[in-house]
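Notes follow once the structure below has been shown.
What follows is calculated from the coordinates using simple rules that are stated; it is not laboratory data. For clarity, every value in this text was computed on a predicted model and none was experimentally measured. No Cβ is skipped: glycine too gets one built from the backbone with ideal geometry, and neighbour counts run over all protein chains shown.
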Amino acid sequence: MSGTQIVVLVIIAVIVLAVAAAAVLYGSRRGGKRLQERFGPEYDRTVAEAGSKEAAEKELLERERRHAELTITPISDESRTRYTTEWERIQATFIDSPVDAVAEADELVTQLVAERGYPTENYEEQLRHLSVEHANTLGHYRDAHEISVASARGEASTEQLRKALVHYRALFGELLGTDPVPPASPASSTENTHTSHR
């Protein structure tokens, strides 16, 4: 093999490697953009917790993989009516017993999460599963849960409890597929739960 042929082969090898590297980089950027779009605020939160985009994206891809193994089912009309009625009852009891109302809202949301097909044994694992399809309302759920835990210790104000109920309602409505409080209800005008959160 002549020196010219060797030089040509080296140049071809360098070009092939450069094209492959560019393709990997482009694919990685596209994958990262897709994850950002799918997970929204949860993407940024995971990057902050993981310490790097690469580690966060690996975690989010793993969440997608585990989520794909679940059997997520839609809510029947009968169940939707039952949950809506129960939510209205809980919200009506808030004035007289805010602590009980928030505790019951937490239980009702957990029941709905389970009925949809998400595991509910471990709170952090539950968050990871929910983040795949409900990332935009997950901040609401986290905030509600934190207030609920504080409430169980007797450390939540009435205003915090009101906010917890509003936060629970955001995820509850998304999982239910409808706002649990009809638009004509006075309670629905107190807070708009469909604004972006975190």
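Here is how the numbers come out for the structure above:
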read-out: Neighbour-count order for THR4, THR120, fewest beta carbons within 10 angstrom listed first; value: THR4, THR120
read-out: Relative exposure of VAL14, VAL109, judged by other C-beta atoms within 10 Å (fewest first); value: VAL14, VAL109
read-out: Where labels lie 7 Å past Cα in the beta-carbon direction, separation of GLU78 and ARG153 in nm; value: 4.3
